[in-house]
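The values are calculated or read from the model by the stated rules, or taken from the named source; none is laboratory data. In this text the structure is predicted, and so the values were computed from the model without any measurement. Cβ atoms come from the backbone with ideal geometry, glycine included; neighbour counts cover every protein chain shown. Quick note on the areas: whole protein, heavy atoms, side chains included, nothing else; ligands and nucleic acids left out. Shrake-Rupley method; radii C 1.70, N 1.55, O 1.52, S 1.80 Å.
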Amino acid sequence: MTIGFGIVELVSIIMFFFSYYAIIVSRNMIKSIIFMSIMEVSVVMFWLSIGFNGNIVPPILQSMEGHSIENIGDPLTQGLMITAIVIGLSVTAVNTIMFLTLYRKYKTTDWDIVKKRQMAG
Amino acid sequence: MINILYIMLFLWMLSGVLVLIEKKVLSMIIWFFIFSLVGAFAFFLLGSPDVAMAEAAIGAFSTIVFIVCFEKFFKLRDIIQIKAEEEEIKKENKIKRFIIPCIFVLILGSMFIYFLPPETTNSYLKELYITRFMSDIGGENAVTSIYLGYRLYDTLFEALMLVIAVVAITHMSYTDKIQIKEGERSEIEKSNIANLLLRALAPMAILFGIYVIANGFLTAGGGFQGGLAIASFFICRFLIYDVYDLDMKKINKLEELVFILIVVVAAVTVFQGTLYLFPEQYTAMTRNIYLIFMNALVGLKVACGFIILFYRYVAIERN
């Protein structure tokens, strides 16, 4: 491909910006929280798909014997992505707890109504 | 193989779009679960079984968290609130609400694609890691060797983030009562088939967790994935018996102790240069014992953290 990246990367970039748009537009807080998770999954997909050429084997000794270096997955990216996934779940958990606290106070799941009631005091 | 990957990517995008279109909360959560599972399968096809395992476990866990948290919003539609406020908000300009964010995101995305570096990447570090990890760190799985050897500090900060999340949730939850009253049950009706299936599968989960932790240095797997499997055993236990009898304070203490132990072992390993500065002093046996021990510690820590998160959510939801 002449653009410089493959179709998997393109799809993950589109998903990332789509979820960004969804977070801006949606009025439902639950939807915003779910789309934060979707954003995180697409970031992981983007990093894993760098250097993908259609035939990649995992960087484990049993499976990578006899393959050239271009066909082995990048172990550094994968190790960091495991960390990123676990941190993403912590972020989701903190998000949900903040949502529950907000619901307790304002009795609604709508961003705009929360804003109105905050203004009203 | 590549065709399956494209089908998976199509399903992935479709389920992501359906989350936005969907109005009911439960359907949104189910579509998110499908999104995570399809994503995990795509990760596997992209050549990273470790990340795929972690993603599948995390997708299931966050679905459970969402269902427990949003149980009381299942009957609500997307926008059912007080009518007067509703009418007033609806009068707002559509252009301001939908078109301007769309243009903004499109400009941002096209800038991102335009400034993406060209395809020629430098694979120096990758070659170094792949050719040397077995003599430097040990084990046969390059990913485990990286997050327990070369990049140990990243694992440390990941564990710290989990501790901070648990502390934040314990402090931000609005109730002081952690204990659930006797006889208080969930409003969701219990299904006999699901109960039987959980009873059959729960012991398998803990066995699988121990297997994944112990074999993490040889094949795909490791501390995070095994810890999540062990935590899922305790979630199954709660779902079967519906009792709240674990002492959260003891588990919290255990988690903190394991975290301190991880920091101490990591500091000793890094500052001594134990693993890769003096490779000739350490046999393959020592290296394997170190990897299994660290994997077990990380797994215990992750399991404790997620058990606390789940039980805390249940306590909040029931109170």
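Say we join alpha carbon atoms closer than 10 Å with springs in a Gaussian network model of chain A; which of A:80, A:100, A:61 then has the biggest fluctuation? Comparing A:80, A:100, A:61 in the GNM, the peak value goes to A:61.
Per-residue SASA remark: residue B:293, around 100 Å² accessible (1.4 Å probe; ligands, DNA and RNA not included).
Between the stretch A:93-113 and the stretch B:12-66, the alpha-carbon centres lie 23 Å apart.
Which one, A:69, A:85, A:30, has the greatest fluctuation when you compute a Gaussian network model over chain A with C-alpha springs under 10 angstrom? Most flexible of the set in this elastic network: A:69. The residue among A:111, A:30, A:93 whose Cα reaches farthest toward the positive pole of the charge dipole of chain A, with charges on the beta-carbon of Lys, Arg, Asp and Glu, is A:111. The Cα atoms of the stretch B:1-64 cover 35, 24, 10 Å along the three principal axes, with the biggest extent listed first. Straightening the chain between residue B:201 and residue B:110 buys 28.1 nm, computed as 0.36 nm per residue apart minus the Cα-Cα spacing. Averaging the Cα positions of each part gives two centres, and for the stretch A:5-36 and the stretch B:205-237 these lie 30 Å apart. Per residue of peptide A:22-28, the mean number of Cβ atoms on other chains within 10 Å of the residue Cβ is 5. Scaled against 2.2 N^0.38 Å for its residue count N, the alpha carbon radius of gyration of the protein assembly as shown is 1.03.
Highest mean packing comes first when the peptides B:298-308, B:59-69 are listed by Cβ atoms within 10 Å, giving B:298-308, B:59-69. Taken per residue, the accessible surface of the protein assembly as shown reaches 50 Å², heavy atoms only and a 1.4 Å probe. Mean per-residue shielding of peptide A:44-51 is 5, counting Cβ atoms of other chains within 10 Å of each Cβ.
The share of accessible area on the protein assembly as shown that comes from carbon and sulfur is 68 percent, using a 1.4 angstrom probe.
Summed over both chains, the contact between A and B buries some 8100 Å² of accessible surface at a probe radius of 1.4 Å.
Each helix, a run of at least 4 DSSP H residues, gives -39500 (n - 2.57); summed and divided by the residues of the protein assembly as shown, these come to -24000 deg cm²/dmol at 222 nm. The angle separating the long axis of helix A:7-25 from the principal Cα axis of greatest extent in chain A is about 10 degrees. List the pairs from A:31/A:105; A:31/B:72; B:72/B:96 whose alpha-carbon separation is above 21 Å, in the order I gave them. Where the Cα-Cα span goes over 21 Å, the pairs concerned are B:72/B:96. When chain A is treated as a Gaussian network with alpha carbon springs shorter than 10 Å, the biggest mean-square fluctuation among A:24, A:34, A:87 belongs to A:24.
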